[in-house]
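Data first, discussion second: the structure below is written as structure tokens.
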Amino acid sequence: MSRHLIFLVVGLGWAVGAWAAPAVREPANLDALKAEIRVYVESGAYREALAAVALEAAAWLERRAAQGGPRLTVIFDLDETLISNWSHLQEMGFGYVPGAWTIWVQAARAPAIEPVREVYRLARRLGFAVIFLTGRPERDRAGTEKNLRAIGCGDYAALVCKPDEARETAGGFKTAARARLEAEGHVIVANIGDQASDLAGGHAEKTFKLPNPFYLTP
Ligand SMILES: [Mg+2]
């Protein structure tokens with residue numbers, strides 16, 4: 001093969017490689033995803049999905065209450081489980097801005113997620129202890145308590161917040177907290193949250209996963 005022909009073959013090979021499909025495809029456009037999420041919420045599909053999970057949780061609590069037992073406890077996460085930050089998320093374009101988040105929490109005006117508030121009410125009616133287990137830090141406690149009272153969910157056995165300086169993930173913190181509650185004698189019959197990290201790690205008879213396409217908490 002002549003030297004010129006070799007250069008031609010190598011050159012063609014490079015050109016074909018360069019024109020081939022890239023190994024990593026272009027991700028979905030972020031604005032398009034945000035628009036899709038708004039449609040999901042505003043169409044009522046989000047609420048329907050929440051209600052379906054809440055219905056399952058309610059059915060389980062009815063059955064479990066009939067079985068009876070001491071110190072039966074239901075654990076609820078807060079953000080995007082019992083309370084909705086939708087208006088704040090919208091305002092922030094789905095971004096997390098620490099200072100703005102603090103102002104939002106202190107305003108204590110987040111509305112309830114209605115189907116889950118119904119589960120909370122049912123849990124209290126059936127005599128379960130309710131414990132709120134949140135990744136919100138201790139410094140958010142006052143605003144959180146005020147918000148819980150404002151939505152009529154002030155009747156709980158404990159609000160467990162993450163220590164301000166904790167470095168562990170929300171998931172690790174929550175698993176350890178449930179283990180501690182069990183060691184103290186609570187029988188956790190249900191654990192309800194919107195993040196996989198709310199529910200991983202055991203220490204609950206049943207878990208209930210609500211939808212959350214807005215953010216991911218490890
Ligand atoms: Mg949450």
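Looking only at the range 147-172, filter to residues that are of a type in the set (Lys, Arg) and not in a helix (DSSP H, G or I); which one of those is farthest from the ligand (Cβ to nearest atom)?
Residue satisfying both the conditions and the ranking: Arg167.
Look through Thr175, Thr144, Thr134 and report the one residue that is hydroxyl-bearing (Ser, Thr, Tyr), crowded, with 22+ Cβ neighbours inside 10 Å, part of a helix (DSSP H, G or I) and within 16 Å of the ligand (Cβ to nearest atom).
Details: Thr175 fails: crowded, with 22+ Cβ neighbours inside 10 Å; Thr134 fails: part of a helix (DSSP H, G or I).
Of Thr175, Thr144, Thr134, the one residue that is hydroxyl-bearing (Ser, Thr, Tyr), crowded, with 22+ Cβ neighbours inside 10 Å, part of a helix (DSSP H, G or I) and within 16 Å of the ligand (Cβ to nearest atom) is Thr144.
Run Leu72 past the list (1) within 16 Å of the ligand (Cβ to nearest atom); (2) crowded, with 20+ Cβ neighbours inside 10 Å and report the number of the one that doesn't hold.
The number of the failed condition is (1).
Does Arg117 satisfy being away from the ligand (no atom under 14 Å from the Cβ), among the basic types (Lys, Arg) and modelled with pLDDT of 95 or more? Let's see the steps before the verdict.
Details: away from the ligand (no atom under 14 Å from the Cβ): yes; among the basic types (Lys, Arg): yes; modelled with pLDDT of 95 or more: yes.
For Arg117, the condition - away from the ligand (no atom under 14 Å from the Cβ), among the basic types (Lys, Arg) and modelled with pLDDT of 95 or more - is met.
What's the total number of residues in the range 118-131 that are part of a loop (DSSP other than H, G, I, E, B), surrounded by fewer than 20 Cβ atoms within 10 Å (Cβ to Cβ) and not small (Gly, Ala, Ser)? Give the steps one after another, and end with the answer.
Let us first name the residues in the range 118-131 that are part of a loop (DSSP other than H, G, I, E, B), namely 126-128.
Adding the requirement that they be surrounded by fewer than 20 Cβ atoms within 10 Å (Cβ to Cβ) leaves 126-127.
Then keep just the ones that are not small (Gly, Ala, Ser); that gives 126.
Qualifying residue count for the region: 1.
Checking Trp101 against (1) without any contact (Cβ under 8 Å) to a residue 40 or more places away in the chain; (2) on the phi > 0 side of the Ramachandran plot, only one condition comes out false. Which one?
Of everything listed in (1) without any contact (Cβ under 8 Å) to a residue 40 or more places away in the chain; (2) on the phi > 0 side of the Ramachandran plot, Trp101 misses just condition (2).
The values are calculated or read from the model by the stated rules, or taken from the named source; none is laboratory data. The structure presented is a predicted model; accordingly, all values stated were derived computationally and were not measured. When we count neighbours, we look across all protein chains shown, and the Cβ atoms used for this are built from the backbone with ideal geometry, even at glycine.
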